[in-house]
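The values are calculated or read from the model by the stated rules, or taken from the named source; none is laboratory data. Computed from a predicted model, the values in this text were never measured in an experiment. Here the Cβ is made from the backbone with ideal geometry for all residues, glycine too, and neighbour counts use every protein chain on show.
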Amino acid sequence: MLELDGIELVLDGQTFLSRTDLVLERGTLNVLLGPTLAGKTSLMRVMAGLDVPTRGEIRWNGKRVNGDRVQSRDVAMVYQQFINYPAMTVYDNIASPLRIKGRPAAEIDRKTRAVAELMKLTPLLDRRPQNLSGGQQQRCALARALVKEAGLVLLDEPLANLDYKLREELREEMPRIFEQSGAIFVYATTEPEEALLLNGNTATMWQGRVTQFGRSTQVYRNPVDVTTARVFSDPPFNFWQVEKRGNRIVFGEGQSFATTAPMAALPDGPYQAGFRAAHLELHQHRAGAVAFTCRLIVTEITGSETFLHLEHGADRWVGVVHGVHDLAPESLMSVWLDPAHCYLFGPEGGLCATAAYAMRN
Amino acid sequence: MTRPSPNLTLAARQRHLEGKGTGWTVTARVTLAVYLLFLMVPIYWLVNMSFKTNTEILNFITLVPEDFTWDNYTLIFTDPTWYMGYVNTLIYVAINVAISITVALPAAYAFSRYSFMGDKHLFFWLLSNRMAPPAVFALPFFQLYSSVGLFDTHIAVALAHCLFNVPLAVWILEGFMRGVPKEIDETAFVDGYPFWKFFLRIFVPLISAGIGVTAFFCFMFSSVELLLSRTLTGTSVRTVGVAMTRTSSAIGLEYGTLAAAGVLTIIPGALVIWFVRNYIAKGFALGRV
């Protein structure tokens, strides 16, 4: 079990992490999700022991490990860049963590070959890393991290520099590898989709802080605040200003819709309403759906889906709808939203009412 | 259209077929040839002289030795005052290169990986050592080494040359080390490598090209430096450079012998250049050297 207790990291007067608490259990896969510079790498470096936290305590299986040597920690790490030892063959690369531990030669050989097989590197064992493709190099780095059988495996955007096909391939293999190992995996990524696909826990990060931690689907459906909603959403979360008056949610020039179950008990007053891009529709799909008049700025067609970039008053919205829709830019159009997909956030950004659909499951 | 005459050279025919103007190509080639010739003249003259007798050198101007002789080389390989010069030179150069690289490796690593108070000033100060003329240090070294009993030893010259070679080595190696991502160091530490094992097994092989280039430059500087090696040696470890500049016998200067010594001095340098030529290009590409 890895416990981070009030971790802060300040280097050269610059704050990289501010008061972070996190508890990671054995045998779990934990995703650190956040945009670039959110502090994912800093947090991993603290977990690995490469950086010593300025304040706070880091405990490994109940024992304080602040400032312990990196070498003595039960950790393995894979970087976004493909980091291997260029002077060694793939076999020697994978075997190196075991050799340095002084394990018997037979065990080293057996484990190295087993991990190489798992990572599909067996035909490449005699090559040098620089003679491999990017995906193979990263698989070599992953193999080296796995062979050590460390209790904590840190993967810092391991698929970020790979091409699409390879990413899909490795991403599919990852959960299987995690299951076999029983270690704590920490996986940093900038992509919400990846966090959901890996099917574990997610910690959303923003400006050096963990904003929420829990089951990925739980965090996705019930973000605790505006920041988490924004971080865990691609395309971006859409917001607009509303006011609760009695059992109606009022906005714009007198438009309104009835409160949903989670909203009913809220006190009257101003709120920030939000919804996901995928919940916007081009036609009235439900009886209670609310219509918005928006200006279409641009459409992006990806094949099976169309991205609509809209202007609703002063707010910029993005909608994703199925199928190919060839719409004229700069035109005024109506879009529909089911109030069951609408979240309400307070003026401070905290979640006040979750979307009704998220409560059903 | 004229038919190319059959006695044109192949290159000329090629140009004719391509219909290109030949003026510039010819000018460029002639210029290059003249330039190369100009560069080669001193070396050719040295080799030429080394196979002549002293009489021929002093009395005639001949483009090839008329009275061809191996005597000059024979003298050098049989007279200990000559061949020991080479041995001495190789010994102190080897010591110097070994010391410079050993000392500069950790220093360059520190400069390339850590920032510490005054690191930039220290780096510049190291470089500025390289800029001082050796003559400045000749007297203090001579006095110091004489009083501690180091005068006229190999290590004296090797240590004195470190004053210039260590900064140079730190500077070149730092450039190569900077090119190695810091993540490799960290991955190795996470994998469990203690620092020295990482340094020797992973890091040093990574910058072997840089070490080659550095060794070459230290070798070059140390083997051609004359002033300090002359000041700090007496008769027992006389270097070849010193031998060459002090050789005037009762019958005047032995030009032929000196020329042969010169040729033999160039050969080791040329060999070293041949072996590290590819790395040097890499060194230049990295913005150091």
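So, residue A:46, is that one among the hydrophobic types (A, V, I, L, M, F, W, C), assigned by TED's automatic domain parsing to the domain that holds residue A:182 and either under 23 Å from residue A:174 (Cβ atoms) or surrounded by 15 or more Cβ atoms within 10 Å (Cβ to Cβ) (or both) or not?
Criteria met by residue A:46.
Is there a residue in segment B:94-108 that is within 20 Å of residue B:159 (Cβ to Cβ), among the hydroxyl-bearing types (Ser, Thr, Tyr) and modelled with pLDDT of 90 or more?
yes
In this structure, is residue B:135 in contact (Cβ under 8 Å) with a residue 60 or more places away in the chain and exposed (fewer than 11 other Cβ atoms within 10 Å of the Cβ)?
yes
Determine if segment A:325-340 includes at least one residue that is out of contact with any helix residue (DSSP H, G or I) (no Cβ under 6 Å at 6 or more places or on another chain), more than 25 Å from residue A:261 (Cα to Cα) and of a type in the set (D, E, K, R).
Checking segment A:325-340: at least one residue is out of contact with any helix residue (DSSP H, G or I) (no Cβ under 6 Å at 6 or more places or on another chain), more than 25 Å from residue A:261 (Cα to Cα) and of a type in the set (D, E, K, R).
From (1) of a type in the set (Ser, Thr, Tyr); (2) in contact with a helix residue (DSSP H, G or I) (Cβ under 9 Å, 6 or more places away or on another chain); (3) without any contact (Cβ under 8 Å) to a residue 12 or more places away in the chain, pick out the condition that doesn't hold for residue B:153.
Against the list (1) of a type in the set (Ser, Thr, Tyr); (2) in contact with a helix residue (DSSP H, G or I) (Cβ under 9 Å, 6 or more places away or on another chain); (3) without any contact (Cβ under 8 Å) to a residue 12 or more places away in the chain, residue B:153 comes up short only on (3).
Quick check on segment A:168-181. Is at least one of its residues among the hydroxyl-bearing types (Ser, Thr, Tyr) and either exposed (fewer than 15 other Cβ atoms within 10 Å of the Cβ) or farther than 21 Å from residue A:26 by Cβ (or both)?
No, segment A:168-181 contains no residue that is among the hydroxyl-bearing types (Ser, Thr, Tyr) and either exposed (fewer than 15 other Cβ atoms within 10 Å of the Cβ) or farther than 21 Å from residue A:26 by Cβ (or both).
In segment A:1-38, what count of residues is obtained for those that are part of a strand (DSSP E or B) and either aliphatic (A, V, I, L, M) or under 16 Å from residue A:155 (Cα atoms) (or both)?
The number of residues fulfilling the criteria is 15.
Is it the case that segment B:150-157 has a residue that's more than 27 Å from residue A:71 (Cβ to Cβ) and either within 13 Å of another protein chain (Cβ to nearest Cβ) or acidic (Asp, Glu) (or both)?
Yes, some residue in segment B:150-157 is more than 27 Å from residue A:71 (Cβ to Cβ) and either within 13 Å of another protein chain (Cβ to nearest Cβ) or acidic (Asp, Glu) (or both).
Any idea how many residues of segment A:56-93 are more than 28 Å from the chain's Cα centre (by Cα), among the β-branched types (Val, Ile, Thr) and within 14 Å of another protein chain (Cβ to nearest Cβ)?
The total comes to 1.
Among residues belonging to segment B:246-277 that are polar (S, T, N, Q) and surrounded by 11 or more Cβ atoms within 10 Å (Cβ to Cβ), point out the one that is modelled with the lowest pLDDT.
Within segment B:246-277, the match that is modelled with the lowest pLDDT is B:247.
Just a yes or no: is a residue in segment B:166-181 buried (at least 18 other Cβ atoms within 10 Å of the Cβ), closer than 15 Å to residue B:89 by Cβ and either touching a Ser or Thr at 6+ places or on another chain (Cβ under 7 Å) or within 14 Å of chain A (Cβ to nearest Cβ) (or both)?
For segment B:166-181, residues buried (at least 18 other Cβ atoms within 10 Å of the Cβ), closer than 15 Å to residue B:89 by Cβ and either touching a Ser or Thr at 6+ places or on another chain (Cβ under 7 Å) or within 14 Å of chain A (Cβ to nearest Cβ) (or both): absent.
List pairs: first residue in segment A:167-181 and farther than 15 Å from residue A:200 by Cα, second residue in a helix (DSSP H, G or I) and at pLDDT 80 or above anywhere in the structure, Cβ distance under 9 angstrom, at least six positions apart or on different chains.
A:167/A:135; A:167/A:194; A:169/A:135; A:170/A:135; A:170/A:138; A:170/A:139; A:170/A:142
With under 30 Å from residue B:186 (Cβ atoms) and surrounded by 13 or more Cβ atoms within 10 Å (Cβ to Cβ) as the only criterion, which of B:123, B:141 stands out?
B:123
Just one of A:225, A:234 is among the acidic types (Asp, Glu) and either farther than 30 Å from residue A:191 by Cα or at pLDDT 90 or above (or both); which is it?
Of A:225, A:234, the one residue that is among the acidic types (Asp, Glu) and either farther than 30 Å from residue A:191 by Cα or at pLDDT 90 or above (or both) is A:225.
Yes or no, residue by residue, for (1) under 28 Å from the mean Cα position of the chain (by Cα); (2) away from every other protein chain (no Cβ under 14 Å); (3) under 20 Å from residue B:189 (Cβ atoms); (4) part of a helix (DSSP H, G or I):
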residue: A:98; (1), (2), (3), (4): no, no, yes, yes
residue: A:114; (1), (2), (3), (4): no, yes, no, yes
residue: A:123; (1), (2), (3), (4): no, yes, no, yes
residue: A:127; (1), (2), (3), (4): no, yes, no, no
residue: A:143; (1), (2), (3), (4): yes, no, yes, yes
residue: A:149; (1), (2), (3), (4): yes, no, yes, no
residue: A:155; (1), (2), (3), (4): yes, no, yes, no
residue: A:167; (1), (2), (3), (4): yes, yes, no, yes
residue: A:178; (1), (2), (3), (4): yes, yes, no, yes
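Criterion first (at positive phi, more than 11 Å from chain B (Cβ to nearest Cβ) and surrounded by 20 or more Cβ atoms within 10 Å (Cβ to Cβ)) does residue A:6 satisfy it?
In short, no.
Scan segment A:69-82 and give yes if some residue there is free of Cβ contacts under 8 Å to residues at least 60 places away in the same chain and either touching a Ser or Thr at 6+ places or on another chain (Cβ under 8 Å) or under 30 Å from residue A:230 (Cβ atoms) (or both), otherwise no.
No.
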